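Heads up, the thing below is written out as structure tokens.
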Amino acid sequence: MAIQSLAPMLAAAQAGGYAVAQFNTDTIEAGQAVLSVATELRAPIILAIGQGVDRAGRLEPLAAGLRAMAEAAEVPVCLHLDHSESLPQIGRALRAGFSGVMIDASAHPLATNIAETRSVLGICAGLGIGVEAELGRVAGVEDDLEVSEEEAGKVDLATVSAFLAAVRPDALAVAVGTAHGFYNRPPEIDFGLIRQVHGLGAPPLVLHGGTGLSDAVLREAVACGMAKLNFATELRKANVDAFVEAAASGSALLDALAKAGSAVAEVAQKKLAITGSVGRASAR
Ligand code: 13P
């Protein structure tokens, strides 16, 4: 099954009332682990490359490896660029074979966010590359992106309506009370707001900051209309912890990497079970 654009993958999720999991993938091994679980569970999957990978100089090489795996995969796979704030970087992602890109202009005034989202939609039109935009500001730290609690803010309905009247991305991330990274205190997710935004006829909605949310919260978010759930920190922690433990107990490099991969697969398997995407691999 070939690599799939973000747009049809999430349109099928929205129509089917389930969500697709996005797992941020920093290494080839993490990508292999996620893909093996998605294949076993027959679930469509989004492998995302974030800003930290580009800062480390690995965007193109990692994308080449993940793309090759995606093309050979038995389930639909979207290779997605997470939280880009740069048109030149999005151009590089297009050349590197991504099938989804996120333009995160949420820090800017609405008019700028609309203009940037429109530019990216224009660049991606006809190329089979889905575009995710963001409204509101999700608190916390994700790679290079840091949003303080003062800067963070839930989206409001009037802004969503104005945005969608001007531009229509293939997916829309909306700030509804989650945060990137682990939570210091229980988050207050505004499920009513998710329902209201969904009720506006919005494109498939994206929940950022999946780490640390309970299964019940994640399930409710999907029931309210979220069509993509993003997970990064929890996978990274499982990966590093397992690697460090294996290395400390004397495992050889490849064995330690394999144990780290198994830890990633375990987290991915639990999250996929929550999304409702298991068995949906034929949804194209
Ligand atoms: P977490 O790191 O909280 O899982 O958030 C992931 C995310 O939203 C990636 O964009």
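What the table shows:
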item: Anisotropy class of region 205-248 from Cα gyration tensor, a/c 1.5 cut; result: prolate
item: Positive-end residue, region 43-184 charge dipole about Cα centroid, Cβ charges, pick of PRO76, VAL53, PHE163; result: PRO76
item: Where only C-alpha atoms are counted, convex hull volume of the chain per residue in Å³; result: 119
item: Inter-site label distance for GLU40 and ALA248 at 7 Å from Cα along Cβ, in nm; result: 2.6
item: Charge sum, other residues only, whose C-beta stays under 15 Å from SER249's C-beta, Lys/Arg counted +1 and Asp/Glu -1; result: -2
item: Under 16 Å, Cα to Cα: Lys pairs in the chain, sequence gap 8 or more or different chains; result: 5
item: Rounded percent of accessible protein surface that carbon and sulfur make up, the chain, 1.4 Å probe; result: 55
item: Descending semi-axes in whole angstrom, ellipsoid equivalent of region 37-82, from the Cα gyration tensor; result: 22, 11, 7
item: Relative contact order of region 176-284, defined on C-alpha pairs under 8 angstrom at six or more residues apart (%); result: 23
item: Relative contact order computed over the chain (Cα-Cα under 8 Å; 6+ residues apart), in percent; result: 25
item: Charge dipole magnitude, Cβ of K and R +1, D and E -1 - region 71-129, Cα centre, debye nearest 20; result: 220
item: Computed label-point distance, nm, for sites LYS237 and SER214 using a 7 Å Cα→Cβ extension; result: 1.7
item: Kirkwood Rh (inverse of mean 1/r, distinct Cα pairs), region 32-110, angstrom; result: 13.2
item: Value at 222 nm in deg cm²/dmol, rounded to 500, when DSSP H runs of n ≥ 4 in the chain each add -39,500 (n - 2.57); result: -15000 deg cm²/dmol
item: Selected from ILE194, ALA260, THR39, residue furthest toward positive end of dipole (the chain; charges at beta carbon); result: THR39
item: Given charges at beta-carbon only (K, R positive; D, E negative), |dipole| of the chain in Debye; result: 780
item: Calculated diffusion of region 94-137, Stokes-Einstein form, Kirkwood radius summed over Cα pairs, 25 °C and 0.890 mPa s, µm²/s; result: 227
item: Zero-based 10 Å bins, Cα pair distances in region 59-161, whole percents; result: 14, 41, 32, 13, 1
item: Cα-based convex hull, region 101-240, per residue volume (Å³, whole number); result: 120
item: Between 0 and 90°, nearest 10: helix 59-72 axis offset from the chain longest Cα axis; result: 80
item: Cα-based Rg / Dmax (Å) for region 177-277; result: 16.5, 56
item: Heavy atoms of ARG219: accessible area, 1.4 Å probe, square angstrom to 10; result: 120
item: Förster radius 30 Å - calculated FRET efficiency between GLN89 and ALA2 (Cβ-Cβ, nearest 0.05); result: 0.80
item: Accessible surface of LYS228 - all protein chains present, 1.4 Å probe, nearest 10 Å²; result: 0
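The values are calculated or read from the model by the stated rules, or taken from the named source; none is laboratory data. Everything quoted here is computed from the prediction, not taken from an experiment. A quick note on method: Cβ atoms are made from the backbone with ideal geometry, for glycine too, and the neighbour counts reach across all protein chains shown. Side chains included, ligands, DNA and RNA excluded: accessible areas come from the protein's heavy atoms. Shrake-Rupley method; radii C 1.70, N 1.55, O 1.52, S 1.80 Å.
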